[in-house]
Number of protein chains: 2
Amino acid sequence: MQKAISTAVIKRLPRYYRYLGELRKQEVVRISSKELSERMNVTASQIRQDLNNFGGFGQQGYGYNVEHLYTEIGKILGLDQEHKVVIIGAGNLGQAIANYGDFARRGFAIKAVFDIKQELIGKEAGGVKIRSMSGLKEYVLKQKPEIAALTIPKEHAAQVANDVVSWGIKAIWNFTPTELRLPKDVVVENVHLTESLMRLSYNIRAAQEKKEQELGKQIAAEACMESAATEE
Amino acid sequence: MQKAISTAVIKRLPRYYRYLGELRKQEVVRISSKELSERMNVTASQIRQDLNNFGGFGQQGYGYNVEHLYTEIGKILGLDQEHKVVIIGAGNLGQAIANYGDFARRGFAIKAVFDIKQELIGKEAGGVKIRSMSGLKEYVLKQKPEIAALTIPKEHAAQVANDVVSWGIKAIWNFTPTELRLPKDVVVENVHLTESLMRLSYNIRAAQEKKEQELGKQIAAEACMESAATEE
């Protein structure tokens, strides 16, 4: 049994996994926390601390074995199992997800895509045919996919989420700009794009303010130098 | 000048903004931190603490004025200005973003969409015509959009990001599964979908383990009760 790991560490794990995957592709066998820290732009001590959570992956004077660490983090992330995913909503976003090759490589298999629009049904998305929403219940009950990606208008999100959970879905990947209220044992991962854009906007403003501040200081310093020069 | 606000608070601000927006639509004039906390599933003291960062929005015995708080948070998030966005990459994901009505409503105006694929050029996405990448430089230099959304294959991400930044783009909304190394004054907001899916997968495993643990305890408890009953 693993001890509880903080959310912050969990948030960073996929990033470690990605970097280790790249190193593995480059056939790097081992790496020190220092080298890894330079690549990832995190402090070496942060890396050591984070990875210590999973016990003894690093060795003094040797560093980390890339393959081993990659495999272990993969297991922690549950990537050693295949996850069956259904996409509900075959609009642009649903199709983008269906066609995103990266997921299959990580063990997330897009098994089916559903939509209510007649003109979409029967068309292909990510190698599977788009099915009618009227068949969703039977599909979920029979095929028992674990994850449902919700890429539908937000007005329908709550109802559809409640339905699929009652049919056995264990996790919702929620792209709708709304909060879902579901039983505690259902896992929800939100991708709130508007909120992401708002953080971007906040940071643009903060960067502008910083620049203006620095410019102000510079102008003040120059004015000071000039007046000092005049006084001489 | 505002004092520095922690990243955690900034991360929560868009969520406050969204909830306040909903209250506003429902013509709610004022709300107590307690009511807001019930709706948002955050503690009331967290809400008071967060909003205190921005000084005196709440009043004892009155609560928060929804309209005022909504407007103020909007300003803090830089939503009182229009942001010009270009989308680079008109695949499914680029088109999904171009067509996402929520952005325009928040002041993010999708001004142009670019792609290299001949068959896409001239088609419409989000109300604008898809342009050829060969015209990107001139467009950015002349029209001075602030934000570039990168929805291209990751192999091209670094080069394109460097280019647009050198032409004056101030912020990158990065959907490619790669880390961009850009000058410090460039704002980058990442949407790493594979990482999001990995967190989902981690949490599925964690939920499973918790369930098994509880089941184990229950079985042990039942066995104990039974053996106690037998002994009587």
The lysines whose Cα lies under 20 Å from the Cα of B:Lys129, excluding any fewer than 8 residues away in the same chain, are B:Lys84, B:Lys111, B:Lys117, B:Lys137, B:Lys142, B:Lys144
Across B:96-104, the residue-averaged tally of Cβ atoms belonging to other chains within 10 Å stands at 4
GluC sites (Glu not before Pro) in the stretch B:7-51 lying in a DSSP loop, each with at most 14 other Cβ atoms within 10 Å of its Cβ, come to B:Glu27
Per-residue average of other protein chain Cβ atoms inside 10 Å, peptide A:179-192 -> 4
Sorted by chain and then number, the residues having a modelled amide H within less than 5 Å of the amide H of A:Ala149, at least 5 places away or on another chain, are A:Val86, A:Ile87, A:Ile88, A:Trp173
Given B:132-140, B:167-175, the highest-first ranking by average Cβ count within 10 Å works out to B:167-175, B:132-140
For the pair A and B, the solvent-accessible area buried on both sides (1.4 Å probe; DNA, RNA and ligands excluded), in Å² to the nearest hundred, is 6300
Counting only DSSP beta bridges with both partners in the protein assembly as shown, the antiparallel fraction in percent, to the nearest 5, comes to 20
Label model pair B:Ser45, B:Ala158: point-to-point distance (7 angstrom along the Cα→beta-carbon line) in nm is 4.8
Note on the stretch B:1-127, DSSP bridge orientation, antiparallel percent to nearest 5 equals 40
Quotient of Cα radius of gyration and Kirkwood radius for the stretch A:1-155, i.e. Rg/Rh, equals 1.10
The local net charge around B:Asp50, scoring Lys/Arg +1 and Asp/Glu -1 for residues other than B:Asp50 whose Cβ lies under 13 Å from its Cβ, equals +3
Computed for the stretch A:1-145: size of charge dipole around the Cα centre, +1 on C-beta of each Lys and Arg, -1 on C-beta of each Asp and Glu, debye to nearest 20, value 300
Counting every C-alpha pair in the stretch A:100-232, the percent lying more than 18 Å apart is 68
Ranked output for segments B:219-230, B:195-206, B:149-160 by mean other Cβ atoms within 10 Å, highest leading, reads B:195-206, B:149-160, B:219-230
Around B:Gln218 (Cβ within 12 Å, Cβ-to-Cβ, excluding B:Gln218; K/R +1, D/E -1) the net charge comes to -1
Rounded to a whole number, the mean other protein chain Cβ count within 10 angstrom for residues of A:207-219 is 2
With B:Gln95 itself left out, Lys, Arg at +1 and Asp, Glu at -1 over residues whose Cβ is under 10 Å from its Cβ give -1
Using alpha-carbon coordinates alone, the radius of gyration and Dmax of the stretch B:104-166 in Å work out to 11.9, 32
Rounded to the nearest 5, the percent of DSSP beta bridges in chain A running antiparallel is 20
Gyration tensor (Cα only) of the protein assembly as shown to equivalent ellipsoid, semi-axes in Å sorted down, yields 38, 29, 28
Residues of the stretch A:61-95 with backbone N under 19 Å of the label point set 7 Å from the Cα of A:Glu35 along Cα→Cβ are A:61-73
Distance in Å, no decimals, from the C-alpha centre of the stretch A:121-160 to the one of the stretch A:1-52 is 35
For the stretch B:31-113, the accessible surface attributable to carbon and sulfur atoms (probe 1.4 angstrom, ligands and nucleic acids excluded) amounts in percent to 42
Dividing the helical contributions, -39500 (n - 2.57) per DSSP H run of n ≥ 4, by the residues of the protein assembly as shown yields a 222 nm value, nearest 500 deg cm²/dmol, of -16000 deg cm²/dmol
Long-range share for the stretch A:48-136, i.e. C-alpha pairs more than 20 Å apart as a percent of all pairs, stands at 51
Note on chain B: contact order normalised by length, alpha-carbon pairs under 8 Å, 6 or more apart, percent, works out to 12
With the 8 Å Cα cutoff and a minimum separation of six or more residues, the stretch B:6-120 has a relative contact order in percent of 23
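The values are calculated or read from the model by the stated rules, or taken from the named source; none is laboratory data. Just so it is clear, the model here is predicted, and its values are computed rather than measured. Note that each Cβ is placed from the backbone with ideal geometry, even for glycine, and that neighbours are counted across all protein chains shown. We work out accessible area using only protein heavy atoms, side chains counted, and drop any ligands, DNA or RNA first. Shrake-Rupley method; radii C 1.70, N 1.55, O 1.52, S 1.80 Å.
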